[in-house]
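Colleague: Here it is, the structure, as structure tokens.
The values are calculated or read from the model by the stated rules, or taken from the named source; none is laboratory data. All values derive from a computational prediction rather than experimental measurement. All Cβ positions, even for glycine, are placed from backbone atoms using ideal geometry, and neighbour counts span all protein chains on display. Heads up: the accessible areas ignore ligands, DNA and RNA and are worked out on the full protein's heavy atoms, side chains in. Shrake-Rupley method; radii C 1.70, N 1.55, O 1.52, S 1.80 Å.
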Amino acid sequence: QVQLVESGGGLVLAGGSLRLSCVASGSIFSINAMGWYRQAPGKQRELVATMTTGGRTLYADSVKGRFTISRDNAKNSVNLQMNSLSPEDTAVYYCVYLDSGDPYWGQGTQVTVSS
């Protein structure tokens, strides 16, 4: 089992920035990926960004150049710096942990961008 604790999120004006953080604990494999998905009302959950323990990143096209993912392998943590936010980024953001088994999800944190 893996537990994920998220922090950050909140309400911000369009053009502003937010930072999300997530810490994993439990049965952590040395090779894994951590990252973020999001789900807006009435839409499916979608990839935002992920990063492997080896440093390989994957970003959704919609966030490239605006969001930056980083992680601290020693602390089993991952961060998402979100800049130039727009109302279209409004969603519940979920931290995800991925290894060879099923994914683990955090409880979600709300990000609301007002125009």
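Colleague: May I ask you to rank GLU88, GLU46, GLU6 by accessible area, largest first, using a 1.4 Å probe over the protein chains only?
Modeller: GLU88, GLU46, GLU6
Colleague: Right, here's the next one. For segment 28-115, which whole-number percentage of the solvent-accessible area (1.4 Å probe, protein heavy atoms only) is attributable to carbon and sulfur atoms?
Modeller: Carbon plus sulfur share of accessible area: 50 percent.
Colleague: Indicate, rounded to the nearest 5 percent, the antiparallel portion of the DSSP beta bridges found entirely in the chain.
Modeller: 90
Colleague: Where nothing but the Cβ of Lys and Arg (+1) and of Asp and Glu (-1) is charged, how large is the charge dipole of segment 1-114 around its Cα centre, in debye to the nearest 20?
Modeller: It comes to approximately 160 debye.
Colleague: Around VAL96, what is the net charge, scoring Lys/Arg as +1 and Asp/Glu as -1 over all other residues with Cβ under 12 Å from its Cβ?
Modeller: Net local charge, VAL96 excluded: -2.
Colleague: Something else now. Counting heavy atoms of the protein chains only and a 1.4 Å probe, report the per residue accessible area for the chain as a whole number of Å².
Modeller: On a per-residue basis, the chain sits at 53 Å².
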